[in-house]
Amino acid sequence: MSVSPFVRRLTSRKGKPRGQRRPAWIRPVPEALEDRTLLALLLVNSDKDDNTRNAVLTLREAILVSNGQLSVSHLMDDEQARVVGDPLDSGPNLIMFNIGGGGAQTIRVQSESLPTITRKLIIQGASQPGPGARPLITLAGQDAGQALWPGNHRRRQHGPGPENQWIPA
């Protein structure tokens with residue numbers, strides 16, 4: 001029994017390739033990726049206004065960490081657990097709240113005003129768990145917000161994004 005020329009060509013190594021032959025492998029070419037910067041998250045879990053090493057992260061400490069004036073390594077382990085990401089990266093930082101059992105909370109600023117924000121920072125007062133869509137975090141005290149929001153910052157009240165965000169102007 002004879003094998004057809006077609007089958008012989010398919011099974012032999014000497015068969016003629018049809019069309020253009022591709023190389024055995026193709027070298028991958030790296031592609032440029034888009035620039036992505038992740039936010040560093042600082043979760044405030046105390047309505048106190050102090051800068052002491054304890055188990056809670058206050059708004060004052062979160063601002064100092066965001067500014068780079070307080071190193072994350074100087075915080076206690078419980079405080080370090082509330083800082084996710086590197087606050088000294090080039091991107092903005094994000095301060096969110098989870099104080100007590102949720103609901104409306106007031107942070108009473110003591111005699112020394114809060115530190116001035118020196119880096120890009122978003123403070124989301126609406127992140128506090130609780131009923132209602134309005135922000136549940138209030139700052140109280142003489143000049144409570146003056147140091148936070150000097151002339152180069154503005155409050156975003158309307159438009160896209162969560163309410164009660166403080167962003168660089």
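Just give me the residues in the stretch 97-115 being out of contact with any Lys or Arg (no Cβ under 7 Å at 6 or more places or on another chain) and of a type in the set (A, V, I, L, M, F, W, C), in sequence order.
The answer is F97, I99, A104, I107, V109.
Only residues that are in contact (Cβ under 8 Å) with a residue 24 or more places away in the chain and at negative phi: list them for the stretch 66-77, please.
In the first step, residues of the stretch 66-77 are kept if they are in contact (Cβ under 8 Å) with a residue 24 or more places away in the chain; the result is 66-69.
Once the filter is applied, which keeps residues that are in contact (Cβ under 8 Å) with a residue 24 or more places away in the chain and at negative phi, the stretch 66-77 yields S66, N67, Q69.
Restricting the search to the stretch 74-90, which residues are in a loop (DSSP other than H, G, I, E, B) and farther than 22 Å from R36 by Cα?
The initial filter retains those residues of the stretch 74-90 that are in a loop (DSSP other than H, G, I, E, B), namely 75-76, 81-82, 85-90.
L75, M76, A81, R82, listed by residue number.
Limited to the stretch 52-86, what total is found for residues that are closer than 24 Å to L136 by Cβ and either of a type in the set (A, V, I, L, M, F, W, C) or surrounded by 17 or more Cβ atoms within 10 Å (Cβ to Cβ) (or both)?
Residues in the stretch 52-86 being closer than 24 Å to L136 by Cβ and either of a type in the set (A, V, I, L, M, F, W, C) or surrounded by 17 or more Cβ atoms within 10 Å (Cβ to Cβ) (or both): 17 in total.
Given the conditions (1) closer than 20 Å to T116 by Cα; (2) modelled with pLDDT under 95, and given that L57 satisfies all but one, which numbered condition is not satisfied?
Condition (2) is where L57 drops out.
Among the numbered criteria (1) touching a Phe, Trp or Tyr at 6+ places or on another chain (Cβ under 9 Å); (2) within 30 Å of F6 (Cβ to Cβ), which one does W25 miss?
(1)
For the stretch 91-114, which residues satisfy the criterion of being within 29 Å of L38 (Cα to Cα), of a type outside the set (S, T, N, Q) and part of a strand (DSSP E or B)?
Residues satisfying the conditions are L94, I95, M96, F97, I107.
Tally up the residues in the stretch 94-118 that are without any contact (Cβ under 8 Å) to a residue 12 or more places away in the chain and within 14 Å of E61 (Cα to Cα), please.
Number satisfying all stated conditions: 1.
Identify all residues within the stretch 42-73 that are part of a strand (DSSP E or B) and among the β-branched types (V, I, T); write none if there are none. So that I can check it myself, show each step before the final result.
If we filter the stretch 42-73 for residues that are part of a strand (DSSP E or B), which is where we start, we get 42-44.
Hit for the stretch 42-73 is V44, nothing else.
The values are calculated or read from the model by the stated rules, or taken from the named source; none is laboratory data. Quick caveat: nothing in here was measured; it's all calculated off a predicted structure. No Cβ is skipped: glycine too gets one built from the backbone with ideal geometry, and neighbour counts run over all protein chains shown.
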